[in-house]
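The block underneath contains the structure these notes are about, expressed in structure tokens.
The values are calculated or read from the model by the stated rules, or taken from the named source; none is laboratory data. This is a predicted model, so every value here is computed, not measured. Cβ placement follows ideal geometry from the backbone for every residue including glycine, while neighbour counts extend to all protein chains displayed.
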Amino acid sequence: MSNVPRFTFTLVITGLVLLVSLPAPALIMTGSGNQPVRDAGWPEGALAVANLESRIGWWEGPPFGGGDWHFLYRGDTSAFQEALAAFAAIRAPALELVVHDGPHEDGVLKKPADWTFNVWVPANWHRLFNNPRSVDAADQPQFRRPVDPPRLEVYVGGEGVDWAKVKVPAGLNVRDERTAASAVSPDGGAVLRADIYDMATGKPVAGARVVVAVIYDTMYGRPAVPEKVTEATSDATGRVEITRLPAGNYRLTFGADGYAARMFRRERLGERACKQLTVELARAAVLDGRVTDTEGRPLKDVRVAPVNILALNGLGYKGPDEPGVTTDADGRFALTGLPTGYVQLRAAADGYHFSDLFTIHDVPGTEVQVRLGRAGAIRISVTDKEGRALSRYEGNEILVEVEPKGGSKIGLWSGSAKVKGDGTFEFNHVPPGEYRIRSHPNPYNSDRQYAPEQIVTVAPGAPAEVKVIYE
């Protein structure tokens, strides 16, 4: 594939498979129409569903991993019945059919669809969520789970599919999420029910607090500041029920005295939906330690923060914020409010780099030793052949990419960013070593070289100056 599809949005990644300290370009691959796509490594029979004539578009995510394919379709009941027959012929351990109230608009392509098809490339799933050397996806629901089954989702109630006339083949797991199938009163709003337990003992947690905040989307799931809607307290059995919630996206925060707060970042509640959750809370604990340089000298004003927080069950435990502390004059720090379990750390200070992101520390823990090495920097300027600064090329923004000379590997630093308006960008906190510099516009043709690649040596202290010239 020589033409890279359009850039969709930008995220920040730290330590997914590399040590990346900067905003990096995150590509979601998209396509319109029903031109045939190739088998990306899906279960047998999935390609036939993907290439149905009723398809109007597709996209593949997630960023930094790929393999999660989504296909959109428009058509009547007959076209859907054809899709359903092809779907039922897929050879997979399970197949899931979900029925929703319509209409539906896809959040990525911004197109209406009568039904959608979602299928994962199993190899990508396992690489993202089941790699025993990585816990970066620990707070995702897919973490350490079997591959999600291929899923067909149909949206009924409009002019497209008449569900009453659909004949469902045998062997499908059918989940009806329509209002008519809900046990909630039609005029009562959505209902949230949660049972809250102590993770270590399995006993219910009485008096646990649940705070419900609505999330207003800005772009592709990036929330604005959540706005509190209501809160409630669990009873003696650890159960809490909140009724009459308007439809929307919610952030749920659970907490109790002596326990680490736990947040569920996004729960979608439709009108008159009933959401039931089982929540385990872990006891709060402290991790303390000391930060020094490679010579053993204490470092003051280093920012230390936990990343990839896991509870004692080995699964992710997302707090309501990103806690972090600054070291004192003796280099000491203490992280409080962590769940009993495990955590990875990151540490940052001007002029230093941290390369121990993958060590997993026990929580609670004391006298943890964190060491920072002296760092360098790479200062890049992009120009044309006449020396004029460039921030865009052929109408598209310019990216610069840095990776180790020998190629990207787990545990090695690399970075990617778009240049500023004056055609420059500076990569800081770069470990000493040799790096390869590349640059191209975004989007770009992968068969074309826009500027020659360069190799630069980074030493501690002074920045390495690099001039990138577009020909």
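Residues of the stretch 202-216 that are under 20 Å from the mean Cα position of the chain (by Cα) and crowded, with 20+ Cβ neighbours inside 10 Å: Ile215 alone. Pairs linking a residue in the stretch 290-304 that is in contact (Cβ under 8 Å) with a residue 24 or more places away in the chain and on the phi < 0 side of the Ramachandran plot to a residue that is part of a loop (DSSP other than H, G, I, E, B) and among the acidic types (Asp, Glu), with Cβ atoms under 9 Å and 6 or more positions apart or on different chains, are Arg290/Asp330; Pro298/Asp328; Pro298/Asp330; Lys300/Asp328; Lys300/Asp330.
Annotation: of all residues in the stretch 124-138 being of a type outside the set (A, V, I, L, M, F, W, C) and crowded, with 19+ Cβ neighbours inside 10 Å, the one that is farthest from Ser78 (Cα to Cα) is Asp136. Screening Thr383, Thr366, Thr359 for residues that are without any contact (Cβ under 8 Å) to a residue 40 or more places away in the chain and either hydroxyl-bearing (Ser, Thr, Tyr) or part of a strand (DSSP E or B) (or both) leaves exactly one candidate, Thr359. The residues of the stretch 243-276 that are of a type in the set (A, V, I, L, M, F, W, C) and closer than 29 Å to Pro323 by Cβ, listed by number, are Leu245, Leu252, Phe254, Ala256, Ala260, Ala261, Met263, Phe264, Leu269. When we screen Gly296, Gly289 for residues that are of a type in the set (Gly, Ala, Ser), in a strand (DSSP E or B), within 30 Å of Ala347 (Cβ to Cβ) and in contact with a Lys or Arg (Cβ under 9 Å, 6 or more places away or on another chain), the only hit is Gly289. Select from the stretch 257-272 the residues that are buried (at least 19 other Cβ atoms within 10 Å of the Cβ) and outside any strand (DSSP E or B) and write down the one among them that is farthest from the chain's Cα centre (by Cα). Within the stretch 257-272, the match that is farthest from the chain's Cα centre (by Cα) is Arg272. The residue of the stretch 60-72 that is modelled with the lowest pLDDT, among those that are surrounded by fewer than 21 Cβ atoms within 10 Å (Cβ to Cβ) and under 20 Å from Gly33 (Cα atoms), is Gly61. For the stretch 44-77, the set of residues classified as aromatic (Phe, Trp, Tyr) and closer than 15 Å to Asn118 by Cβ consists of Trp58, Trp59, Trp69, Phe71, Tyr73, listed by residue number. For the stretch 396-452, no strands (runs of 3 or more DSSP E) sit wholly inside it while including 1 or more residues that are farther than 24 Å from Arg346 by Cβ, assigned by TED's automatic domain parsing to the domain that holds Phe358 and touching a Ser or Thr at 6+ places or on another chain (Cβ under 6 Å).
When the test is whether a residue is touching a residue at least 24 places away in the same chain (Cβ under 8 Å), among the small types (Gly, Ala, Ser) and surrounded by fewer than 20 Cβ atoms within 10 Å (Cβ to Cβ), Ala284 passes it. Residues in the stretch 3-52 that are β-branched (Val, Ile, Thr) and either within 16 Å of the chain's Cα centre (by Cα) or at pLDDT below 50 (or both): Val4, Thr8, Thr10, Val12, Ile13, Thr14, Val17, Val20, Ile28.
Here Asp321 meets each of (1) in a loop (DSSP other than H, G, I, E, B); (2) more than 30 Å from Gly107 (Cα to Cα) with one exception, condition (2). All told, Gly423 falls short of being more than 25 Å from Thr359 (Cα to Cα), small (Gly, Ala, Ser) and loosely packed, with under 15 Cβ neighbours inside 10 Å.
In the condition set (1) modelled with pLDDT of 95 or more; (2) surrounded by 11 or more Cβ atoms within 10 Å (Cβ to Cβ); (3) in the same structural domain as Asp76 (by TED's automatic domain parsing), Gly157 is compliant with all but (1). Among the residues of the stretch 73-113, those identified as in contact with a Ser or Thr (Cβ under 7 Å, 6 or more places away or on another chain), of a type in the set (A, V, I, L, M, F, W, C) and modelled with pLDDT of 95 or more are Ala79, Ala83. Applying a threshold of 7 Å to beta carbon distances and a minimum spacing of six or more residues, or different chains, the list of pairs starting in the stretch 321-338 at a residue that is crowded, with 22+ Cβ neighbours inside 10 Å and ending at one that is at pLDDT below 95 and assigned to a loop (DSSP other than H, G, I, E, B) reads Leu335/Pro323.
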